[in-house]
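The values are calculated or read from the model by the stated rules, or taken from the named source; none is laboratory data. Since the structure is predicted, the reported quantities are computational estimates derived from the model, not experimental observations. Cβ placement follows ideal geometry from the backbone for every residue including glycine, while neighbour counts extend to all protein chains displayed.
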Amino acid sequence: MARKECLAGLLIIIFCGVTTYLAIQLPMGSAAKPGPGIFPLLLGLVIGSLSLLLILKNLRSQTKLGDRGIDKEVPTGKWRVVYLLGSLFLYVLLLQPIGFLVSTCIFLIGLKPIIQKSWVPVLLGSFFTSVVFFFFFNYLLKVQLPMGIFAK
Amino acid sequence: MNDLFLGFSVVFQPSNFLACLIGIVIGQIVGILPGLGSVGAMSLLLPITFYVDPTTAIIMLAGIYYGAQYGGTITSVLLNIPGEATTVITCVDGNQMAKQGRAGPALAIAAFGSFIAGTLGIFGLILLSKPLSQFGLRFGAPEYFSLVFMGIMLCIYLASGSILKALISAFLGLWVSCIGIEVLSSTPRFNFGTVTLMDGVGIVPMCMGLFGIAEVLINIKQGFERKGSVMAVGKLMPTRKDWRDSIGAILRGTGIGFFLGILPGGGAIMASFLSYGVEKRLSKHPEKFGRGAIEGVAGPESANNAGAQGNFIPLLNMGIPANAVMALMLGALLIHGVRPGPFLISQNPKIFWGVVASMYIGNVILLIMNIPLISIWVRILRVPYYILFPLILLFCVVGAYSINTNVVDVYIMIVFGGLGYLARKNGFEAAPFVLAYVLGPLLEENFLMALTESRGNLAIFFRSSISIAFLSVSFLLIISVVFPFLKKKRKIFAQK
């Protein structure tokens, strides 16, 4: 756990380094007329300092307790997270080209490895849900959902 | 009191009562469906109000506003998806209560708390409307900066885990609020040349990602097996102990919400976060917060309803809108030829007192409508998760897309969903991040304006008693956290 926190702190410090560099490119102005770069610069420095504190705190606790940062968490289920995030990205990528109706159906069918039910309920459920959502949001609530291949 | 009776007589006219009811129903639906938002719903319905008289129009629009507040509470408690920005903090303890089979008491106490806050708010409006709006005029840039700074320091009390991580989350939220056009100089920042990010990161897709998508990711990682009666539905109504625990929080939340609602910018959002911080600070068992403490629902829900009422004070008394919703109300009033301001009460008493009375009637309708519906709402929790989570994802995607009919908002939601998942796994909490993000623009704008006013002299923040008071509270908050840590250190040294 301590090792994970040190890694998180390090990633945040790298992020702060990048953002501080970007902030410096902006006009700083003066004390009497501060520019748009001053606030993000100050924030970058504060966040970087706090993250360094986090790393030091965890390094100290590792040394004190003799914790070698062994992560005892069993990595089951992580694949589901990666798979779902990937599916969501792909779904949004297809949303406008092929339309809400078809892309939603494909997305829901694609969740079968996570849902772990047989094909018939998954296919029927995906089709039915896509149609209901489309009619509810597009016609009842007048949300302009992408028509894609059904566009006139 | 005669004026209030006039107001009630106006509301109970069939057309006005119907408008109030329609507004509340639409508002609640809008609040439940993330992404649509009360501003969006009010904008869509604004043309319809052209065909009715001004009183009816404002009563309906006001109904949408506070109907949406409660609708957002329902999804916050049941699904950990905040329907409105003001119900973000309700997710923290409300959803934990739902996981413990106490969704009914959470929703019921939110409804009752809102009703009590609404009732007391009416008296506040009648008695304190004028003096409070005058007090609000004393707030300049240094006072606003100090108030907002205090609000962000309160994030220390929102943390149920590491305070250092809560501070990092909050400052990261402040940084994300810098994305977009800088208010004073109109300089684009961190938008990487994209037009979408010129407006900054939208709060709705961000919250849906951090709370809704992240929650789904956490749950599917754990698998669908439910242990024991984690998602069982227990009693639907609060117990006597729940009431004893909540009544103080409701009264304090009402006071906090009402006073903060008067101030432009912060309003109901800050009131709900501040109320949560206060309840945690005052509680004899602060370790319960974040794990299903009913005070963590009662206080913020009362605060956001009282804040919604307080928002009307600067609007009706001075014609100053406190936020985007009130700006829309102002637009509606002007379209109907009504000019809000100090003479509104004398020139258009029916409108002023009609709106005031409609708030009370609206709260009664919400209570009567929602208490019987709680048993239906909690049934959502009985739906198997393999059916529920795809529906949650679809609602989030459509909700994010519907904001600007732009897929970039959906991408933002997914990115924040992934980040929210990683943050939760590593003990970084989302609530301080969201609070700081919301308050960031106010903090920066007032900081820069104050420095410009004083030509770079930081003493400006210590010139008024209001600013000194807020900064002192912030300092005490920091000390109260650091001091126990220092005390522990001294003990260790002494033992050595």
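Is at least one residue of the stretch B:446-459 touching a Phe, Trp or Tyr at 6+ places or on another chain (Cβ under 9 Å), farther than 20 Å from B:SER177 by Cβ, within 14 Å of chain A (Cβ to nearest Cβ) and at pLDDT 75 or above? Yes, because at least one residue in the stretch B:446-459 is touching a Phe, Trp or Tyr at 6+ places or on another chain (Cβ under 9 Å), farther than 20 Å from B:SER177 by Cβ, within 14 Å of chain A (Cβ to nearest Cβ) and at pLDDT 75 or above. Please tell me if A:PRO97 is surrounded by fewer than 17 Cβ atoms within 10 Å (Cβ to Cβ) and within 19 Å of A:MET147 (Cα to Cα). Taking the combined requirement at face value, the residue satisfies it.
Here A:SER118 meets the list (1) modelled with pLDDT under 90; (2) more than 10 Å from chain B (Cβ to nearest Cβ); (3) at positive phi almost entirely, failing just condition (3).
Within the stretch A:111-152, being of a type in the set (A, V, I, L, M) and not in a helix (DSSP H, G or I) holds for A:LEU111, A:LEU141, A:VAL143, A:LEU145, A:MET147, A:ALA151.
Just a yes or no: is a residue in the stretch A:117-131 under 20 Å from B:MET208 (Cα atoms) and in contact (Cβ under 8 Å) with a residue 24 or more places away in the chain? No. Filter the stretch B:418-431 down to the residues that are within 12 Å of chain A (Cβ to nearest Cβ) and in a helix (DSSP H, G or I) and list them by number. B:GLY418, B:LEU419, B:GLY420, B:TYR421, B:LEU422, B:ALA423, B:ARG424, B:LYS425, listed by residue number. Of the candidates B:PHE470, B:PHE461, B:PHE428, B:PHE475, the single residue that is more than 24 Å from A:ILE109 (Cα to Cα), out of contact with any Cys (no Cβ under 6 Å at 6 or more places or on another chain) and without any contact (Cβ under 8 Å) to a residue 24 or more places away in the chain is B:PHE475. Within the stretch B:83-100, one or more residues are part of a helix (DSSP H, G or I) and in contact with a Leu (Cβ under 7 Å, 6 or more places away or on another chain).
For the stretch B:94-153, residues that are modelled with pLDDT under 80 and basic (Lys, Arg) total 2.
On the given criteria, is A:VAL81 in contact with a Lys or Arg (Cβ under 7 Å, 6 or more places away or on another chain) and at pLDDT 90 or above? So A:VAL81 passes the test. Of the residues making up the stretch A:1-38, those that are part of a helix (DSSP H, G or I), free of Cβ contacts under 8 Å to residues at least 24 places away in the same chain and surrounded by fewer than 14 Cβ atoms within 10 Å (Cβ to Cβ) are A:LEU11, A:ILE14, A:VAL18, A:TYR21, A:ILE24. Here the condition is being part of a helix (DSSP H, G or I) and at pLDDT 80 or above; of B:GLY31, B:GLY7, B:GLY27, it holds for B:GLY27 alone. Exactly one residue among B:ILE392, B:ILE368, B:ILE380, B:ILE412 is in a helix (DSSP H, G or I), more than 16 Å from A:THR104 (Cα to Cα) and in contact with a Gly (Cβ under 8 Å, 6 or more places away or on another chain), and that residue is B:ILE412. Would you say B:GLY319 is more than 16 Å from the chain's Cα centre (by Cα), surrounded by fewer than 21 Cβ atoms within 10 Å (Cβ to Cβ) and at pLDDT 75 or above? So B:GLY319 fails the test. Counting the residues of the stretch A:77-94 that are more than 8 Å from chain B (Cβ to nearest Cβ) and touching a Gly at 6+ places or on another chain (Cβ under 6 Å) gives 1. Restricting the first residue to the stretch A:138-152 and requiring it to be more than 10 Å from chain B (Cβ to nearest Cβ), which pairs with a second residue that is of a type in the set (Gly, Ala, Ser) meet a Cβ separation below 9 Å and a spacing of at least six or different chains? Within 9 Å, the pairs are A:MET147/A:GLY99; A:GLY148/A:GLY99; A:GLY148/A:SER103; A:ILE149/A:GLY99; A:PHE150/A:GLY99; A:ALA151/A:GLY99. In the stretch B:162-193, of all residues being among the β-branched types (Val, Ile, Thr) and at the interface with another protein chain (Cβ under 7 Å from one of its Cβ atoms), the one that is farthest from B:LEU442 (Cα to Cα) corresponds to B:ILE168. A residue that is of a type in the set (D, E, K, R) and over 30 Å from A:VAL132 (Cβ atoms) cannot be found anywhere in the stretch B:391-413. Scanning the stretch A:95-109 for residues that are free of Cβ contacts under 8 Å to residues at least 40 places away in the same chain and facing chain B (nearest Cβ under 10 Å) yields A:THR104, A:PHE107, A:LEU108.
Looking only at residues in the stretch B:356-404 that are within 29 Å of A:PHE100 (Cα to Cα) and among the small types (Gly, Ala, Ser), the one that is farthest from the chain's Cα centre (by Cα) is B:SER402. Among the residues of the stretch B:282-305, the ones that are part of a loop (DSSP other than H, G, I, E, B), small (Gly, Ala, Ser) and surrounded by 24 or more Cβ atoms within 10 Å (Cβ to Cβ) come to 1 in all. Count of the stretch B:174-225 residues, restricted to those that are among the polar types (S, T, N, Q), closer than 17 Å to A:VAL82 by Cα and in contact (Cβ under 8 Å) with a residue 12 or more places away in the chain, is 1. Scanning the stretch B:10-22 for residues that are polar (S, T, N, Q) and part of a helix (DSSP H, G or I) returns B:SER15, B:ASN16. Checking each residue in the stretch B:392-417 for being facing chain A (nearest Cβ under 7 Å) and surrounded by fewer than 19 Cβ atoms within 10 Å (Cβ to Cβ) picks out B:THR405, B:VAL407, B:TYR411.
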